[in-house]
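Q: Below are the structure tokens for one structure; questions will follow.
The values are calculated or read from the model by the stated rules, or taken from the named source; none is laboratory data. All values reported here derive from a predicted model rather than from experimental measurement. As a convention, Cβ positions derive from the backbone with ideal geometry for all residues, glycine included, and neighbour counts pool all protein chains shown.
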Amino acid sequence: MNENILANQVQEYINNHLNGDVFTIAMAKSPFPEVSSKELANQIAAKQKSAKKLPTWYHQDLVYYPALLSIEQCSSESTAAYKSGLAIGESLIDLTGGFGVDSLFFARKLKSVTHCEINPELSEIAAHNAEILHQSNISFLALDGIAYLRETTVYFDNIYIDPARRSSTGKVFMLKDCTPNVVEHLDLLLSKSKRIIIKTAPLLDLSAGLKELKNVSEIHVVSVKNECKELLWIVENEPSERVKIVCTTLNEQEKSFSFFKGEEDSEAEIPELDLQQYLYEPDTALLKGGAFNLIASRYGLQKLHAQTQLYTSSKVIADFPGRRFRIKGLLMPADLKKEKGLKGNVIARNYRDKAEQLVKKYKIMPDQQRFLIFTQSRKQGYLVIDADIEQHY
């Protein structure tokens, strides 16, 4: 950690060049003998990346940023705040602390947090930033979290771990392939804590994760703006009779849909009906949860087709986690060839062609409000729904 970066004139330079080209800055001669142009470029790029993802850090003076990869891999503030609500009791140890975003939000909820980070410089950076952000109840340890856990006699209310999902062969998704190997060390974690919170790759299959882990009580599927960001696994000391799955969307308004594993297997009746006034498309968090039929019964919706995860209703459901469209009419695919200057955002769900193919085939130009939804229903087969969007998330 180069403390010269925190000098007033260097910080002023960084702030004055936030709209600059970092490649040009990295290749130019640095105006400061103690700070290289590469270091300046990294601070600027990392701060640029933090503007929306980490506004608390971005708007705080004298924040020291690590390598850009650490910023890209760390939690956003919205997901970190959500995770903090999953902790119990008063204490937590973060075994893979990194830049310290999760630790800081846990510290806002708990009495004490221990941040472990095997990279000494990253540990020093996280400690510095916690100090200037006035979060004094975090202890920073520059060491291997698993090794520390083996030696310590301290018992924590919570253990949080975010295993690295990269190996020498590229990205990995199964827990046993991540570092540290949570499956291998699970008994150790259970012996040191009441609750374990594990963050995994969004692509990890829920059933595969349940096969690797034991004592799972909850799985939280978290999305932001219809993009699945995190899977959070809650593991308890005692086995749970049923696993609760919570699908949460973190947008302007937080919305959740929860159920117990097994409920999603219930069959939904697909009635022979015409489309009603509104069309609903579930958020990616709900789709990842897999409760396709349960969505219909919970919200009083009608499913278009057994394999089409789209739903229709005659009423507005404001708390639905996903997009809502007002249906204007129906088009048959053959009709589109006759239209000139066709505009609309294309969605393809359970359709014979992909969206990009349809855009090219029918020469469809983008539109902010209008959507052309290519799908199929049990009654009408392949069709195109002409609709205006009323709710994006």
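Q: Which of (1) at pLDDT 95 or above; (2) closer than 22 Å to ILE146 by Cβ is the odd one out, the single condition LYS47 does not satisfy?
A: Every condition holds for LYS47 apart from (2).
Q: Can I ask one more? When the range 363-380 is examined, which residues are found to be surrounded by 11 or more Cβ atoms within 10 Å (Cβ to Cβ) and either at pLDDT below 90 or closer than 24 Å to GLN302 by Cβ (or both)?
A: Hits for the range 363-380 are ARG370, PHE371, LEU372, ILE373, PHE374, THR375, GLN376, SER377, ARG378, LYS379, GLN380.
Q: Being surrounded by fewer than 15 Cβ atoms within 10 Å (Cβ to Cβ) and either of a type outside the set (D, E, K, R) or free of Cβ contacts under 8 Å to residues at least 12 places away in the same chain (or both) is the requirement here; does LYS360 meet it?
A: The answer is yes for LYS360.
Q: Of (1) in contact (Cβ under 8 Å) with a residue 40 or more places away in the chain; (2) charged (D, E, K, R); (3) closer than 29 Å to SER217 by Cα; (4) part of a helix (DSSP H, G or I), ARG108 satisfies all except one. Which?
A: (1)
Q: Anything in the range 19-73 that is more than 20 Å from GLY97 (Cβ to Cβ), in a helix (DSSP H, G or I) and small (Gly, Ala, Ser)? List them, or say none.
A: Within the range 19-73, ALA26, SER37, ALA41, ALA45, ALA51 qualify.
Table: residues versus (1) under 24 Å from ARG150 (Cα atoms); (2) surrounded by 13 or more Cβ atoms within 10 Å (Cβ to Cβ).
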{"residue": "ASP187", "(1), (2)": "yes, no"}
{"residue": "ILE197", "(1), (2)": "yes, yes"}
{"residue": "LEU206", "(1), (2)": "no, yes"}
{"residue": "LEU232", "(1), (2)": "yes, yes"}
{"residue": "ILE245", "(1), (2)": "no, yes"}
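Q: I'm told VAL222 meets every condition in (1) at pLDDT 95 or above; (2) surrounded by fewer than 18 Cβ atoms within 10 Å (Cβ to Cβ); (3) among the aliphatic types (A, V, I, L, M) except one. Can you identify the failing condition by its number?
A: The number of the failed condition is (2).
Q: Shifting gears a bit: Restricting attention to helices (runs of 4 or more DSSP H) lying wholly within the range 138-222, give those where 1 or more residues are closer than 20 Å to ASP94 by Cβ.
A: Because the criterion is at least 1 residues that are closer than 20 Å to ASP94 by Cβ, the helices (runs of 4 or more DSSP H) in the range 138-222 that meet it are 145-151, 182-192.
Q: Still on this model: Do you know which residues across the range 74-99 are in contact (Cβ under 8 Å) with a residue 40 or more places away in the chain and either at positive phi or part of a helix (DSSP H, G or I) (or both)?
A: SER78, THR79, TYR82, LYS83, GLY89, GLY98
Q: Determine, yes or no, whether ARG108 is at pLDDT 95 or above, under 21 Å from LYS199 (Cα atoms), assigned by TED's automatic domain parsing to the domain that holds ILE198 and not hydroxyl-bearing (Ser, Thr, Tyr). First the steps, then the outcome.
A: Values: at pLDDT 95 or above: yes; under 21 Å from LYS199 (Cα atoms): yes; assigned by TED's automatic domain parsing to the domain that holds ILE198: yes; not hydroxyl-bearing (Ser, Thr, Tyr): yes.
It is true that ARG108 is at pLDDT 95 or above, under 21 Å from LYS199 (Cα atoms), assigned by TED's automatic domain parsing to the domain that holds ILE198 and not hydroxyl-bearing (Ser, Thr, Tyr).
Q: List the residue pairs whose Cβ atoms are under 9 Å apart, where the first residue sits in the range 16-42 and is assigned by TED's automatic domain parsing to the domain that holds LEU62 and closer than 15 Å to ALA67 by Cβ, the second is loosely packed, with under 11 Cβ neighbours inside 10 Å and aromatic (Phe, Trp, Tyr), and the two are 6 or more positions apart or on different chains.
A: ALA41/PHE23
Q: Can you tell me which residue in the range 349-393 is farthest from the chain's Cα centre (by Cα), limited to those that are in a strand (DSSP E or B) and charged (D, E, K, R)?
A: Among those that are in a strand (DSSP E or B) and charged (D, E, K, R), it is ASP386.
Q: Kindly provide the set of residues from the range 289-312 that are touching a residue at least 60 places away in the same chain (Cβ under 8 Å) and more than 15 Å from GLN376 (Cβ to Cβ), ordered by number.
A: If the condition is that a residue be touching a residue at least 60 places away in the same chain (Cβ under 8 Å) and more than 15 Å from GLN376 (Cβ to Cβ), then GLY289, GLY290 are the ones that fit.
Q: Considering the range 146-166 alone, what residues qualify as being in contact with a Cys (Cβ under 8 Å, 6 or more places away or on another chain) and modelled with pLDDT under 95?
A: The answer is PRO163, ALA164, ARG165.
Q: Quick test for you: out of ILE44, ILE25, ILE71, pick the one residue that is among the β-branched types (Val, Ile, Thr) and either in contact with a strand residue (DSSP E or B) (Cβ under 8 Å, 6 or more places away or on another chain) or surrounded by fewer than 21 Cβ atoms within 10 Å (Cβ to Cβ) (or both).
A: Checking each option against the conditions leaves just ILE25.
Q: Among the residues of the range 299-311, is there at least one that is closer than 18 Å to LYS255 by Cα, in contact with a strand residue (DSSP E or B) (Cβ under 6 Å, 6 or more places away or on another chain) and hydrophobic (A, V, I, L, M, F, W, C)?
A: Yes, that holds for at least one residue.
Q: For the structure I just gave you, tell me whether ILE295 is surrounded by 16 or more Cβ atoms within 10 Å (Cβ to Cβ), in a helix (DSSP H, G or I) and among the β-branched types (Val, Ile, Thr).
A: In short, yes.
Q: Being in a strand (DSSP E or B) and free of Cβ contacts under 8 Å to residues at least 60 places away in the same chain is the filter here, so list the residues in the range 313-348 that pass it.
A: Here is the first cut: in the range 313-348, the ones in a strand (DSSP E or B) are 313, 322-331, 343, 345-348.
Matches in the range 313-348: SER313, GLY329, LEU330, LEU331, LYS343, ASN345, VAL346, ALA348.
Q: What number of residues within the range 80-97 are surrounded by fewer than 24 Cβ atoms within 10 Å (Cβ to Cβ) and more than 14 Å from ARG195 (Cβ to Cβ)?
A: Going residue by residue through the range 80-97, those that are surrounded by fewer than 24 Cβ atoms within 10 Å (Cβ to Cβ) are 80-91, 96.
Then drop every residue that is not more than 14 Å from ARG195 (Cβ to Cβ), which leaves 80-82, 96.
Qualifying residue count, the range 80-97: 4.
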